[in-house]
Amino acid sequence: MEETLYVTYNPVTIKNQYDELPHGKTRMAAIKSAIKEADRNNDITFMIYFREDLCDESCFYGDETEMMVIFPEILNLIDRYPDTPSTQFDTAYKNATEHVLWVYKWVVGRCSGFYQIPMEDCMKFFNDFKERSIAYGFNLKPYYRLLYGFYHFDDEKSDEAFYNFEKLPRDSNCNCRACDRNAEISFYLDKDNYKKAVELSEDIESRKLRCGRDNSAWLRMKISFMSYYMDNGYFEEADEVAYLIEHNMNDRTEYQAWDDILRCYSYTRPGRALRIYKKHWKMWQEGTSPSDEFYKTLNVCCFWKKYRMDREKDTVKLALDKTFPLYNEENIYNTEELYNYYYKRAEDIAIKFDKRNNADSYKKDMQERLDIQRYIKCNMTQKN
């Protein structure tokens, strides 16, 4: 997309114009142009604000790498101009500093998803966020919530962070009540305390708790339960939830759970699973972050392994294009080669994350999800 040129600089008009654009690459390009205009005019308030909007678009609708790259510029600006006011578009914050701290949560929460960020630098992000939270007069409830999510590869540290998060009171820098509730649901499902998780989910299920005006909190909760059901062999329950998610998705990248649905349907609706792969294969050639790419690729890998187990024929007809690494003009693909391709992709990413984390959690995730027979046996046990 060509860079937008503005004859007269008016940040309000610029903001209103790009807000009318569809989410994704088009809006990202327009926000980048807005940033350049604010920079040219040395408009500190909108130099910060437009960058925050780019983080928002990157985090929820695009490539999270963009946010990780530009956020240090925001910190540099707010440290140089700490008294910068809010704009008319973010009056919920007392000043620009508070808005920056809010966006900082997204950055800290996503740094675990990039194996390119060394552990030392991840901890620097956390420590800086912690210091700024205290300096700005907030407590550490968001800090501990983020730390809980980061240490998914270390149960002891993860549990300690969660319990610290759970016991602290809420303040104005906390996520909404629905988001915090979803963190609690995720924790108790992970601990196999299904009864507690269901109790916590009731207010989200009834829509008493929402995240904004859409169904994001409900979707996040349903995705957590679908994963729990799949991991424990409750295929029928997982299928029921997958169907609900499929027909209630919104446009946020986080809730495009087609790969999770693909994994579920590979056990319950194999024909539908194949149709989903044919429709969405291109979306799974990249992720919003390396961690996101890993789990998408792993779920596709699970699909092909199950597909191969269920069929005697070792080929499948797919209308893929030249961007696919295994593309051939006949559109006939060997299912073992497809499985191996996705397996190698997931394995390469897993090795890099486990090396960064000094752990083996990614490799274990691969081994567990690809143990198809274990899930089938578990499902038979649940039926009996």
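Which of the residues spanning segment 266-291 are over 17 Å from Thr335 (Cβ atoms), open to solvent by 30 Å² or more (accessible area, probe 1.4 Å) and part of a helix (DSSP H, G or I)? So that I can check it myself, show each step before the final result.
Our first condition is that a residue be over 17 Å from Thr335 (Cβ atoms); within segment 266-291, this holds for 268-269, 272, 279-280, 282-283, 285-291.
After this cut, where a residue has to be open to solvent by 30 Å² or more (accessible area, probe 1.4 Å) as well, the list is 268-269, 272, 279, 282-283, 285-286.
Answer for segment 266-291, where residues must be over 17 Å from Thr335 (Cβ atoms), open to solvent by 30 Å² or more (accessible area, probe 1.4 Å) and part of a helix (DSSP H, G or I): Thr268, Arg272, Lys279, Lys282, Met283, Gln285.
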- Message: Can you tell me how many residues within segment 293-312 are touching a Ser or Thr at 6+ places or on another chain (Cβ under 8 Å) and open to solvent by 10 Å² or more (accessible area, probe 1.4 Å)?
- Response: 4
- Query: Just a yes or no: is a residue in segment 113-135 more than 23 Å from Ile351 (Cβ to Cβ), of a type in the set (Ser, Thr, Tyr) and in a helix (DSSP H, G or I)?
  - Reply: yes
- Within segment 111-154, work out how many residues are out of contact with any Cys (no Cβ under 7 Å at 6 or more places or on another chain) and farther than 15 Å from Ala183 by Cα. 27
- Message: It is to be established whether one or more residues within segment 67-83 are outside any loop (DSSP other than H, G, I, E, B), of a type in the set (S, T, N, Q) and under 20 Å from Val107 (Cβ atoms).
- Response: yes
- List pairs: first in segment 351-367 and open to solvent by less than 80 Å² (accessible area, probe 1.4 Å), second part of a loop (DSSP other than H, G, I, E, B) and among the polar types (S, T, N, Q), Cβ under 9 Å, 6+ apart or cross-chain? Arg356/Gln116
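The values are calculated or read from the model by the stated rules, or taken from the named source; none is laboratory data. From a predicted model like this one, the values you see are computed outputs, not experimental measurements. Cβ: placed from backbone, ideal geometry, glycine included. Neighbour counts: every protein chain shown. Surface accessibility is based on the protein's heavy atoms, side chains included, excluding ligands, DNA and RNA. Shrake-Rupley method; radii C 1.70, N 1.55, O 1.52, S 1.80 Å.
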